[in-house]
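Trainee: Here's a structure for you.
Taken together, the values in this text are just the output of simple stated rules run on the coordinates, not laboratory data. Keep in mind it's a predicted model, so treat the numbers as computed, not measured. Glycine also receives a Cβ, built like all others from the backbone with ideal geometry; neighbour counts cover every protein chain displayed.
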Amino acid sequence: MKKLFAVLAITAGLSASAQEKQQPKAASPVTFGVKAGFNGSTFSRGERSDVDNSEKIKAGSHIGIFANIPVAEKFCIQPELLFSQLGSKTEDLFIHDSGDYFTKQEYEYKTNLNYLTLPIMVQYNILPQLYVEAGPEFGLLLGGKIEGDGRNEIRYDNTTTVNSESFSDKISMKLYHKFNFGIGIGAGYYFTQNFGVTARFTAGITGIFKNDYGSKVRNNALQLGVAYRFK
């Protein structure tokens, strides 16, 4: 009888051990965090034959919250809610010369656009502390401002008139699409379980203006920042 009990005990122990090995490990818990950093944004646009245009990077910032949701051993989904400053520095030059009438218009201005954005990134963990990511970003335009300088030169009948101006005005929301859509790719590295650095480039897909006069203007932004996960 004692031998029978010993055999049953050993069998039960082996069975329990096998079941433990077969059971999948519990997924890591959902974590939450905050992030903030620098935006380097600019517009991309098609060419217009009547205007010599150039775009330069405008500095801005982003700040917000995120949730990191594990869905597999190396994959996570990270939705974020950010306040993000986009826009561009623009130089426009328009020249018209018909012989008797000449006009030259030069403008240098900065467009500041404030968005509430919802990026939804799929992250792949190359290492426990290093990940790459890609996914869509949805944006809602909250408002903005245009500020800069302009110079208008007119020459007619041997008379030249030059006017200069400085301006700073809120954007007219009726001229802009409120919804913005883009695709982001990026990476991040966590030095500790809590603190990390992030980098992401988001290319705009939808146009900014309701009437783009055949020259579609899109948002593009490089985001560099820091992130803190609560654990």
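Trainee: Cβ under 13 Å from Ile171's Cβ, Ile171 left aside: what net charge do those residues give with Lys, Arg +1 and Asp, Glu -1? Kindly include the intermediate steps, with their values, before the conclusion.
Mentor: On the way: positive: Lys110, Lys145, Lys170, Lys174, Lys178, Lys210; negative: Glu147, Asp169.
It works out to a net charge of +4.
Trainee: Compute the signed sum of charges (Lys and Arg +1, Asp and Glu -1) over the other residues within less than 15 Å, Cβ to Cβ, of Gln193. Numbers along the way, then the final one.
Mentor: Working: positive: Arg229, Lys231; negative: none.
Every neighbour counted, the sum reads +2.
Trainee: Which pairs break 27 Å Cα to Cα here: Lys74/Lys178; Lys178/Lys216; Lys74/Lys216; Lys35/Lys74?
Mentor: Values: Lys74/Lys178 36 Å; Lys178/Lys216 15 Å; Lys74/Lys216 38 Å; Lys35/Lys74 22 Å.
In this structure, Lys74/Lys178; Lys74/Lys216 lie more than 27 Å apart at Cα.
Trainee: Go through region 91-196 and name the chymotrypsin sites (Phe, Trp or Tyr not before Pro) that are in a DSSP coil and have 13 or fewer other Cβ atoms within 10 Å of their Cβ.
Mentor: Phe191
Trainee: Under a plain spin-label model, where a point goes 7 Å from the Cα along Cα-to-Cβ, how far apart in nm are Ser172 and Phe75?
Mentor: Result: 4.7 nm between the two label points.
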